[in-house]
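Only one structure is covered here, and it is reproduced in the block below.
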Amino acid sequence: MADIGKVALIGGGVIGAGWAARFLLNGLDVAVSDPDPEAPRKVGEVMANAERAFSRLVEAPRPEPGRLTFAQSVAEAVEGAGLVQESAPERLELKQRLFEEIDRYAEPDALVASSTSGLLPTQLQAQMSRPERFLVAHPFNPFYLLPLVELVGGEHTAPETIPRAGAFYASLGMKPLHVRREIDAFIADRLMEALWREALWLVADGVATVEEIDDAVRYGCGLRWAQMGTFQVYRIAGGEAGMRHFMAQFGPSLHWPWTKFSDVPELTDELLDLLAEQSDAQAAGRSLRELERIRDDNLVAILHALRAQNWGAGETLADYEARLSARADAKG
Ligand SMILES: NC(=O)c1ccc[n+]([C@@H]2O[C@H](COP(=O)([O-])OP(=O)(O)OC[C@H]3O[C@@H](n4cnc5c(N)ncnc54)[C@H](O)[C@@H]3O)[C@@H](O)[C@H]2O)c1
């Protein structure tokens, strides 16, 4: 977007590095502030995988990548940045302290966003003197491929902040989803947490291995979810009478013992060992970076298939490519 040419990243771990890739590949300059001396190496490794995946994904003229720098302080990182994206560890006091500091040094009209997975924006912005420009912008790994970014405002967020941020993230090929009510864990993590609890119970109860549970997702419901979500799939499952019929048929089972959703299995050493052992066996010696590349190639293929249908996440990709082509044409 025209008014944001530089982004400051506060925290360059898993999420910060992923954001760095999304911004740099869109031609924006990025300054990272992270006390970890290993941060440049980690960001570099993520960038290598991201460049590979992004070049396969996008079939339109891609911008020249932006410039990546590492700053010595928050003040240095935020200088001249139109967006400050915080991705520091998930600790409220630490983030509040950082937002106070960011607020002090950031450009007056800069947007200030947190990548938090579940802390509430009203709490995060509590110590800012300009909280109206603050929002949560919660992305999904791998950030350079998955379009979703949940946007959540706090009590002191100005009404114009969410659409302004939304337009910016959309210009990067993302799909902003405004979470209109401030709730713990927002929308997507609440859904994923529900599935995760059930999956842990199935392992803890000895019903299935981690691989069998992943197979149940990837050969069936996961493919449905990727393209239609859950409600529309169930509407179709209800036949011609749609959702009413579906609820009449499966509504009663909600009261049957099909789920252990509200309980959490005790995370004993035994269970943790079992999860780790089964997960190692499932990986079959593949390294983290190898698994990332397999995941990325599969996602690129799925996104291309959805683009061919002009549907869901594929429609977002097609829109993004149209923007890139228009930008390239305008440059001549
Ligand atoms: N991991 C995920 O899948 C995921 C997804 C979405 C959002 N998030 C959120 O993103 C945030 C970061 O998570 P992560 O997984 O990248 O954690 P991480 O531990 O990989 O990275 C955090 C980074 O912050 C740095 N840091 C620590 N103190 C700092 C400071 N004072 N200033 C600047 N940087 C500092 C650390 O050195 C580290 O590199 C969290 O709020 C998390 O909830 C995580």
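The values are calculated or read from the model by the stated rules, or taken from the named source; none is laboratory data. Every value quoted in this text rests on a predicted model; they were computed, and no experiment measured them. Note that we place each Cβ from the backbone using ideal geometry, even for glycine, and neighbour counts take in every protein chain shown. Only protein heavy atoms, including side chains, enter the accessible area calculation; ligands, DNA and RNA are left aside. Shrake-Rupley method; radii C 1.70, N 1.55, O 1.52, S 1.80 Å.
Quick one: in segment 1-44, of everything that is more than 17 Å from residue 71 (Cβ to Cβ) and outside any helix (DSSP H, G or I), which residue is most open to solvent (accessible area, probe 1.4 Å)?
Start the filter on segment 1-44 by keeping residues that are more than 17 Å from residue 71 (Cβ to Cβ), which leaves 1-4, 14-15, 18, 21-22, 25-27.
Adding the requirement that they be outside any helix (DSSP H, G or I) leaves 1-4, 26-27.
On the way: 1: 79, 2: 110, 3: 86, 4: 3, 26: 13, 27: 32 Å².
Ranking the candidates gives 2 first.
Go through segment 234-255 and give me each residue that's under 24 Å from residue 202 (Cα atoms) and outside any loop (DSSP other than H, G, I, E, B). Walk me through how you get there before you give the answer.
Narrowing segment 234-255 to residues under 24 Å from residue 202 (Cα atoms): 234, 250-255.
If the condition is that a residue be under 24 Å from residue 202 (Cα atoms) and outside any loop (DSSP other than H, G, I, E, B), then 234, 250, 252, 253, 254, 255 are the ones that fit.
Of all residues in segment 139-149, which are in contact with a Leu (Cβ under 8 Å, 6 or more places away or on another chain) and surrounded by 21 or more Cβ atoms within 10 Å (Cβ to Cβ)?
Residues of segment 139-149 in contact with a Leu (Cβ under 8 Å, 6 or more places away or on another chain): 139-140, 142, 144-149.
The answer is 139, 144, 145, 147, 149.
Filter segment 76-112 down to residues that are away from the ligand (no atom under 11 Å from the Cβ) and among the small types (Gly, Ala, Ser) and give me whichever is farthest from residue 31 (Cα to Cα).
Among those residues, the one meeting the criterion is 110.
Could you tell me how many of the residues in segment 68-95 are over 22 Å from the mean Cα position of the chain (by Cα) and of a type in the set (A, V, I, L, M)? Before the answer, list the steps.
Start the filter on segment 68-95 by keeping residues that are over 22 Å from the mean Cα position of the chain (by Cα), which leaves 69-80, 93.
Narrowing the set further to residues that are of a type in the set (A, V, I, L, M) leaves 71, 74-75, 77-78.
Qualifying residue count for the region: 5.
Looking at segment 85-105, which of its residues are exposed (fewer than 13 other Cβ atoms within 10 Å of the Cβ) and farther than 16 Å from residue 136 by Cβ?
93
From the list 217, 203, pick out the single residue that is β-branched (Val, Ile, Thr) and open to solvent by 30 Å² or more (accessible area, probe 1.4 Å).
Values: 203 fails: open to solvent by 30 Å² or more (accessible area, probe 1.4 Å).
Testing whether each residue is β-branched (Val, Ile, Thr) and open to solvent by 30 Å² or more (accessible area, probe 1.4 Å) leaves just 217.
Could you say which residue among 318, 226, 301 is in contact (Cβ under 8 Å) with a residue 40 or more places away in the chain, surrounded by 11 or more Cβ atoms within 10 Å (Cβ to Cβ) and either in contact with a Leu (Cβ under 7 Å, 6 or more places away or on another chain) or closer than 26 Å to residue 145 by Cα (or both)?
Values: 318 fails: in contact (Cβ under 8 Å) with a residue 40 or more places away in the chain; 301 fails: in contact (Cβ under 8 Å) with a residue 40 or more places away in the chain.
Going through 318, 226, 301 in turn, just one is in contact (Cβ under 8 Å) with a residue 40 or more places away in the chain, surrounded by 11 or more Cβ atoms within 10 Å (Cβ to Cβ) and either in contact with a Leu (Cβ under 7 Å, 6 or more places away or on another chain) or closer than 26 Å to residue 145 by Cα (or both): 226.
Does any residue of segment 118-138 turn out to be assigned to a helix (DSSP H, G or I), basic (Lys, Arg) and either away from the ligand (no atom under 12 Å from the Cβ) or within 18 Å of residue 22 (Cα to Cα) (or both)? Before the answer, list the steps.
Taking segment 118-138 and keeping what is assigned to a helix (DSSP H, G or I), we get 121-124, 131-133.
Among the residues that remain, those that are also basic (Lys, Arg) are: 133.
When the remaining residues are screened for being either away from the ligand (no atom under 12 Å from the Cβ) or within 18 Å of residue 22 (Cα to Cα) (or both), the result is 133.
Among the residues of segment 118-138, at least one is assigned to a helix (DSSP H, G or I), basic (Lys, Arg) and either away from the ligand (no atom under 12 Å from the Cβ) or within 18 Å of residue 22 (Cα to Cα) (or both), which makes the answer yes.
Within segment 43-59, is there a residue that is within 20 Å of residue 137 (Cβ to Cβ), more than 18 Å from the chain's Cα centre (by Cα) and within 15 Å of the ligand (Cβ to nearest atom)?
Within segment 43-59, not a single residue is within 20 Å of residue 137 (Cβ to Cβ), more than 18 Å from the chain's Cα centre (by Cα) and within 15 Å of the ligand (Cβ to nearest atom).
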